Each structure stands twice: as C-alpha cells, then as structure tokens.
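Enquirer: Below are the structure tokens for one structure; questions will follow.
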Amino acid sequence: MITILGGGIAGAALARALAVRGRRDVVVFDPRPPAAGSTGRATGGFRTQFESKLNIALSLTSRPFFVERAERIRFQSVGYLYPAEDPATAQKLKQRAEVQVAAGLPIAHPDPATLIPFFDTSRVIATNFCHLDGCTGYLAHPFGKSRCKKDRVCLHWLQMDVHRG
C-alpha cells in the first residue's frame, strides 16, 4: 500500500499519477477537507526560485507540464521579481541566488524600474529575477501575494515568502 499524507494539489496529483500508472493500492490521508491548506490559497503562480536544491529541481522537472499546456491553462512565463528594500533582505536575496544559480537557475538582478515602470522602486536596493517563473490565467486570489499582469513581471515581496510555520 502507498500512503500519501496530504490531500492538497501535490497529494492529489501524486495519487492520480500513481493510479494512471496502474497502482490501485494508494490511500490519501488528510484530516482537513480538500484544498483547505495552501492549495486553497494558491494564486496560480509557478516559481522556481526556492531556497532548497530539491524544491528547485522539482520545479524545473514540472515546468514542461505547464509549458506544454500553456494555451489551455493560460500559462505565462513572465518571471518573478523579488525586491529588497533593506540590507538584511538584500543579503537574503544574495544567499538565495547563490543556491539557485548553483542549482541551474538563470537568476538576474535587473533594475526593477525596467520591469515594472508603474511601481515606485526608489527604495529597492537589490533584486532577484528568474524568467522561468510565471503564472496561469486561473488566479484564485488576484490581489494575493503575487500580482501577475499579461506580458508583465510577477512581483513578490521576500518577507512574505520566507515565513516558516
């Protein structure tokens, strides 16, 4: 028997993938209703800019799924920009970029005004950007932590991304 803990998108997708491959001994355990965790609060984003090599590898492995279905799911590879407005956050971005580049991500550090001219970037002292990141057209919460516009960059605030429960 294969036991999957968690019935969110990852657990449900894994259970389905195993069933498609012929497994009939898969059980998903989750004490909460479907999508009651982070899945239900997802904004439709897809990112590769994680802090661990494992999560980066998982994202890079799953990216072709989104690219192959881009038209159907309205996937746009517009990139995510992480800005820093203070030295501590700038240092965190630098540390993350080192791990991400070592894991194969094309991390850039653009002037944010070139990507988001409508945004006041006067206090931004550092950025991380990866063009592989993007979003689907199915944003559950269009005013959530990411703001994705057609043919524009998705803006993420790092301090919202590093909280640990």
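Enquirer: Test of understanding: among Thr114, Thr43, which residue is in a loop (DSSP other than H, G, I, E, B) and more than 13 Å from Cys130 (Cα to Cα)?
Expert: Result of the check over Thr114, Thr43: Thr43.
Enquirer: Let me ask you something else. So, in the range 55-96, how many residues would count as being assigned to a loop (DSSP other than H, G, I, E, B) and either of a type outside the set (Gly, Ala, Ser) or surrounded by fewer than 14 Cβ atoms within 10 Å (Cβ to Cβ) (or both)?
Expert: Qualifying residue count, the range 55-96: 6.
Enquirer: Within the range 35-47, does at least one residue satisfy the condition of being surrounded by 14 or more Cβ atoms within 10 Å (Cβ to Cβ) and of a type in the set (Lys, Arg)?
Expert: Within the range 35-47, one or more residues are surrounded by 14 or more Cβ atoms within 10 Å (Cβ to Cβ) and of a type in the set (Lys, Arg).
Enquirer: Which ones in the range 29-38 are within 11 Å of Gly11 (Cβ to Cβ) and either in the same structural domain as Leu60 (by TED's automatic domain parsing) or hydrophobic (A, V, I, L, M, F, W, C) (or both)?
Expert: Phe29, Ala35 - these are the residues of the range 29-38 that are within 11 Å of Gly11 (Cβ to Cβ) and either in the same structural domain as Leu60 (by TED's automatic domain parsing) or hydrophobic (A, V, I, L, M, F, W, C) (or both).
Enquirer: With respect to the numbered conditions (1) under 21 Å from the mean Cα position of the chain (by Cα); (2) farther than 27 Å from Arg96 by Cβ; (3) at pLDDT 85 or above, which one is the sole condition not fulfilled by Ala12?
Expert: (3)
Enquirer: Mind checking which residues of the range 1-27 are touching a strand residue (DSSP E or B) at 6+ places or on another chain (Cβ under 6 Å) and under 19 Å from Leu58 (Cβ atoms)?
Expert: Listed by number, the residues that qualify are Ile2, Ile4, Leu5, Gly7, Gly11, Leu14, Ala15, Leu18.
The values are calculated or read from the model by the stated rules, or taken from the named source; none is laboratory data. This is a predicted model, so every value here is computed, not measured. Using ideal geometry, Cβ is built from the backbone for each residue, glycine included, and neighbour counts are taken over all protein chains shown.
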